[in-house]
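Below is one structure, written out as structure tokens; the observations come after it.
Bear in mind that the values in this text are calculations on the coordinates, not laboratory data. For clarity, every value in this text was computed on a predicted model and none was experimentally measured. Backbone-built Cβ (ideal geometry, glycine too); neighbour counts: all protein chains shown.
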């Protein structure tokens, strides 16, 4: 197969922060000289990582100049940072530390309490402490994530 004398390497860096917001940090492409059966080190690809904690994914796509995709690849980066998200406070509660669970079929914990399961219809109650204020939240069925901002925090 003749792919020509150059190929295009496209890249995209996406970042998901601690509350699940995903954004594209950077994207672009560069041309690479191509010669069949030749193996050599390519010029380094440099991308600037985000400044807030989360998970970044760098996706790579190699294609010919007509746009035919030849290869896909990706790599994950755990970004560790002390930079806080603006107007956001993150609470962490161990899954098994709920205050009440009511499920129509059953409720059970697995992985030594690192995961809590509920079957049928129902809910879990958890309590969070913020200084002297007690905050109660009810997680209902089909809730996969929780973004919570106390009224007096904004």
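Spacing of the modelled spin labels on residue 24 and residue 38, each 7 Å from Cα toward Cβ, amounts to 3.1 nm. Sorting the segments 115-122, 42-49 by their residues' average number of neighbouring beta-carbon atoms within 10 angstrom, most packed first, yields 115-122, 42-49. Just so you know, the Cα atoms of the range 6-79 work out to an Rg and Dmax of 14.3, 45 Å. With contacts taken as Cα pairs under 8 Å and at least 6 residues apart, the range 1-80 reaches a relative contact order of 35 percent. Each residue, residue 31 and residue 111, gets one label point 7 Å from its Cα in the Cβ direction; the gap between the two is 4.8 nm. With the highest mean first, a sort of the peptides 52-65, 98-111, 26-39 on other beta-carbon atoms found within 10 angstrom per residue produces 52-65, 98-111, 26-39.
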